[in-house]
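Can you keep this structure in mind? I'll have questions shortly.
The values are calculated or read from the model by the stated rules, or taken from the named source; none is laboratory data. Since the structure is predicted, the reported quantities are computational estimates derived from the model, not experimental observations. Using ideal geometry, Cβ is built from the backbone for each residue, glycine included, and neighbour counts are taken over all protein chains shown.
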Amino acid sequence: MDTILGLLAQKAPNLDEITRERVSTFRDLVVLENENQNLTRLLTPDDFYEGHVLDVLELLKVENLKFPALDLGSGAGVPGLLSALIQPQKWILSESEKSKAGFLKRTVDSLALSEFVTVFSGRGEEYLKNRNVNSVVIRAVASLTKIFSWIGNCSTWNNLILLKGPAWEKEWAEFCQNQPCIPLRIVEKREYCTGKEKKQRIILCLERVPRGTF
């Protein structure tokens, strides 16, 4: 089995040695914490690269990703914390489960990321009530319909980025069908595949339609 450092050197050669080592340290922290609480099932080097690192590398290529960005439902710190490790930018990690938020805070400190990463122990919509962000990024949390029911009334964001699987078209159709006037529009899509099974992934960038135009 390849090590995570070996995989990064082979598949992400643009990352410098220090960054690869920091990503490896992050994985070690996730694996260790996973013995205390369920953060992720993607723990082997191959699974961690294909299931977490690759998502982040693709996310960082998205033109519509603007900072500061809110990682809503950050869990183990993907994509926000891992993104900040690879490309230092301002991230807010919102996590409603206190034990997971505690892990995120400890990890931010361990990796010396406090200049770039803030952990909010609470629901993302609570953070958005009176704080502006340039992007809201969500991976594997809920359907678009449910997400919009949480944050749709918050006027502090205009850019929503979702990391989804192949069922995204059905999810988008259901969202549009349930809206009297569609409040979001697709402005960018990035498709790629992960793992030996070539599972389809897509990063969907949505922009809020200005009031009065729908």
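List the residue pairs whose Cβ atoms are under 8 Å apart, where the first residue sits in the range 114-138 and is without any contact (Cβ under 8 Å) to a residue 12 or more places away in the chain, the second is in a helix (DSSP H, G or I), and the two are 6 or more positions apart or on different chains.
Pairs that qualify, where the first residue is without any contact (Cβ under 8 Å) to a residue 12 or more places away in the chain and the partner is in a helix (DSSP H, G or I), are Ser114/Val108.
Could you go through the range 49-72 and let me know if any residue there is among the polar types (S, T, N, Q) and under 30 Å from Asn153 (Cα atoms).
Yes, the conditions are met somewhere in the range 49-72.
Given the structure, is Ile151 of a type in the set (Val, Ile, Thr) and touching a Cys at 6+ places or on another chain (Cβ under 7 Å)?
Taking the combined requirement at face value, the residue does not satisfy it.
For Leu39, indicate whether it is in a loop (DSSP other than H, G, I, E, B), out of contact with any strand residue (DSSP E or B) (no Cβ under 7 Å at 6 or more places or on another chain) and in contact (Cβ under 8 Å) with a residue 12 or more places away in the chain.
Yes, satisfied.
Restricting attention to the range 157-198, which residues are in a strand (DSSP E or B) and touching a Cys at 6+ places or on another chain (Cβ under 6 Å)?
Listed by number, the residues that qualify are Ile161, Val187, Glu188.
Right, next: Can you confirm whether the range 102-111 contains a residue that is in contact (Cβ under 8 Å) with a residue 12 or more places away in the chain, buried (at least 18 other Cβ atoms within 10 Å of the Cβ) and of a type in the set (Gly, Ala, Ser)?
no
Here is a follow-up. I'm trying to understand the selection: among the residues of the range 90-101, which are buried (at least 20 other Cβ atoms within 10 Å of the Cβ) and either of a type in the set (Ser, Thr, Tyr) or at pLDDT below 95 (or both)?
Within the range 90-101, Ser94 is the sole residue that qualifies.
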